[in-house]
Amino acid sequence: MKKLFAKTAFSTVAVLVGFVATVLPFHLFDNLTDMQTCLLFFAEILVYFLIISAFFLAREAKEKRAAKRLEYRERHEKRVEKRKKELEGIRVNNYDIAA
């Protein structure tokens, strides 16, 4: 449910930004000077760059969290196996402590 909401929100924002970025220059073309039009174009490029950067940074953070989780799991498995080998075969009063 959380992923569906996030994807829907992201898609909606992308469509709105795309719509504004497409319609705004045509609407303001008659009202702006050449310099203002150029600045608006660079602002649009900057917005696109920021959106793409945010997407890649989020994906990179997700991959980093997954790698960290895997590393913690591997370390845990090693500790469990080490402890299991240490206790293997230890008997007190005919009871196996490892069991």
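The values are calculated or read from the model by the stated rules, or taken from the named source; none is laboratory data. Predicted, not measured: the structure shown is a model, and the values here were computed from it. Here the Cβ is made from the backbone with ideal geometry for all residues, glycine too, and neighbour counts use every protein chain on show. Calculation scope for accessible area: heavy atoms of the full protein, side chains included, ligands and nucleic acids excluded. Shrake-Rupley method; radii C 1.70, N 1.55, O 1.52, S 1.80 Å.
Which residue, chosen from T37, L24, V47, occupies the Cα position most advanced towards the positive end of the dipole of the chain, where the dipole is computed from +1 (Lys, Arg) and -1 (Asp, Glu) charges on Cβ about the Cα centre? Going by the charge dipole, the pick is V47. The residues of the chain have, on average, 95 Å² of accessible surface per residue, using a 1.4 Å probe with all protein chains present. Using Cβ point charges alone (K and R +1, D and E -1), the dipole size of the chain about the Cα centre works out to roughly 1000 debye. The tail of the calculated P(r) for the chain, taken as Cα-Cα distances beyond 15 Å, holds 78 percent of the pairs.
Counting charges near R73 (Lys, Arg +1; Asp, Glu -1) among other residues having Cβ under 13 Å from its Cβ returns a value of +2.
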